[in-house]
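The values are calculated or read from the model by the stated rules, or taken from the named source; none is laboratory data. Because the structure is predicted, anything quoted here is derived from the model rather than measured. No Cβ is skipped: glycine too gets one built from the backbone with ideal geometry, and neighbour counts run over all protein chains shown. Calculation scope for accessible area: heavy atoms of the full protein, side chains included, ligands and nucleic acids excluded. Shrake-Rupley method; radii C 1.70, N 1.55, O 1.52, S 1.80 Å.
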Amino acid sequence: MEGKKMGDCIQIKNMFLRNIVPVWLSAFTLLLLTQVSTSEVTACGVAVDPPADIEIKDSGFLGYLSIHWTRPASLQNLTDCRVRYQLQYYDTYEEHWRSVRTVKLTYAAQFDLEKPVKVRMLTMLKCACTNGTEVQGEETEKVYTPEPTGMAGSRIRDFHCVYYGKEYMECTWESGPVQPPNSQHYLYYWHREMEETKECPEYIVLSEVRRGCRFPRESLLEFSKFNMCVNGSSPAGSLRTAYFSIEVQNHAKPAVVSSVHVSEMDGLLKLAWLPPSGLVPEHCLEYEIESHTLMANGKEKQQRKVLENVVLDTSYELQKEAESKKTCFQVRSKVNMYCADKGFWSDWSQTKCIEAKEISIWNHLSLVGLIVAGGIIVLCLSLWILKKICIKNNSKKDALYTLYKQKVNETVPGILSPIFK
């Protein structure tokens with residue numbers, strides 16, 4: 001009986017530990033979290049409230065919006081404290097949150113006006129009574145959803161910009177699925193050095209329809225947001241507005257690489273070229289080389305090599321394949337990562353080839369030709385000299401004979417003269 005009572009006591013104890021204790025621990029944990037939460041939103045006896053009167057203003061700069069706020073009422077009379085604000089906004093172009101901390105009451109950022117504008121803010125307080133710790137208040141969120149304008153389905157498609165040789169930029173597009181008759185598109189642009197937006201300086205017109213805009217270099221600004229919008233009108237109503245924001249230097253496309261030359265020396269194939277024309281600095285270029293080698297057995301070998309042009313080298317050496325019959329090269333260029341985040345490869349240069357066997361035969365024939373020609377020249381020269389010597393010897397012999405005959409005739413004119421006649 002006593003053993004049974006003891007077992008019942010142990011069972012009741014285990015039930016208490018399993019049921020009552022977890023509940024007590026949960027309550028204690030909740031109380032502790034409540035105290036921590038309270039300490040995060042109050043400091044020095046005042047509430048660290050979020051910024052007040054948060055307002056998102058559109059000044060007509062095609063998505064470059066300004067955010068304004070005021071100091072929370074709970075901190076208006078607080079002195080000897082540092083108040084900062086943490087602002088987070090969602091970058092819809094890059095698709096991630098960006099964060100900034102500031103003591104100011106305004107901030108400007110780039111947004112896509114075709115998507116909701118999301119902003120999160122909180123107040124940060126640091127005083128002597130916080131022991132040097134910066135206390136963060138509760139966070140508040142502000143969402144601004146622009147109202148789309150224009151007919152549904154009329155928004156342009158395939159918007160694409162290319163900065164050709166850093167000399168001019170062309171942005172092109174295609175009409176939307178819904179394109180009412182007699183529609184007309186308009187492009188407007190803005191960057192931070194402009195006081196107001198401007199219309200496209202030169203439209204690209206195809207079949208009497210605007211399909212793009214050409215920007216001269218002086219209207220562009222690198223390493224800054226370059227904002228554009230394309231809208232339109234038609235007798236049936238306005239067209240849907242499309243917004244774009246780019247950084248011009250990331251759309252550069254160099255000109256075609258020129259003056260490509262290939263040669264062979266000591267078993268190496270050496271490729272050399274000149275930088276492309278245009279305004280892209282030479283130190284901003286990297287090159288890609290494509291080689292095609294035709295082997296004696298008819299197989300083809302292809303290789304590609306990207307050269308990060310950090311030493312301004314415009315040449316490349318490749319070991320000659322022992323059984324190669326013909327090797328061809330092409331070169332193209334792109335703005336490297338030291339001058340832009342991205343860019344476009346140029347078109348390929350003209351193909352330059354070198355045929356190993358034909359070069360060997362040509363060298364052999366040239367050598368034989370030179371030897372034969374040299375031999376003929378030496379032979380002709382020798383015959384000419386020999387002829388001159390023979391002519392000279394005959395002339396001297398005739399002269400001596402004539403002189404001897406004269407002497408004899410003078411000495412014995414009567415007797416020997418008939419002999420020398």
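Odds and ends about this structure:
- Any hit, the stretch 130-142, residues being open to solvent by 70 Å² or more (accessible area, probe 1.4 Å), modelled with pLDDT of 90 or more and either hydrophobic (A, V, I, L, M, F, W, C) or not in a strand (DSSP E or B) (or both): yes
- Among the residues of the stretch 82-120, the one identified as over 24 Å from the mean Cα position of the chain (by Cα), surrounded by 17 or more Cβ atoms within 10 Å (Cβ to Cβ) and not in a strand (DSSP E or B) is Leu113.
- Residue list for the stretch 152-179, filter: open to solvent by 30 Å² or more (accessible area, probe 1.4 Å), among the β-branched types (Val, Ile, Thr) and assigned to a loop (DSSP other than H, G, I, E, B): Val178
- Scope the stretch 325-354; condition open to solvent by 70 Å² or more (accessible area, probe 1.4 Å) and within 19 Å of Ser277 (Cβ to Cβ); matching residues: Asp347, Gln350, Lys352
- Of Arg214, Arg210, all but one fail to be of a type in the set (D, E, K, R), over 18 Å from Gln110 (Cα atoms) and touching a residue at least 40 places away in the same chain (Cβ under 8 Å); the exception is Arg214.
- Whichever residue in the stretch 213-254 is among the charged types (D, E, K, R) and under 29 Å from Pro181 (Cα atoms) and, among such residues, is nearest to the chain's Cα centre (by Cα): Arg214
- Some residue of the stretch 57-69 being open to solvent by 40 Å² or more (accessible area, probe 1.4 Å), within 22 Å of Pro148 (Cβ to Cβ), modelled with pLDDT under 95 and among the charged types (D, E, K, R): yes
- Test: residue in the stretch 158-167 that is touching a residue at least 40 places away in the same chain (Cβ under 8 Å), basic (Lys, Arg) and in contact with a helix residue (DSSP H, G or I) (Cβ under 8 Å, 6 or more places away or on another chain): yes
- Any chance Arg332 is within 22 Å of the chain's Cα centre (by Cα), in a strand (DSSP E or B) and at pLDDT below 85: no
- Pairing each residue of the stretch 180-207 that is over 15 Å from Phe244 (Cα atoms) and in contact (Cβ under 8 Å) with a residue 40 or more places away in the chain with any residue that is aliphatic (A, V, I, L, M) and open to solvent by 60 Å² or more (accessible area, probe 1.4 Å), provided the two are 6+ apart or on different chains, yields C-beta distances under 6 Å for Pro180/Ala236.
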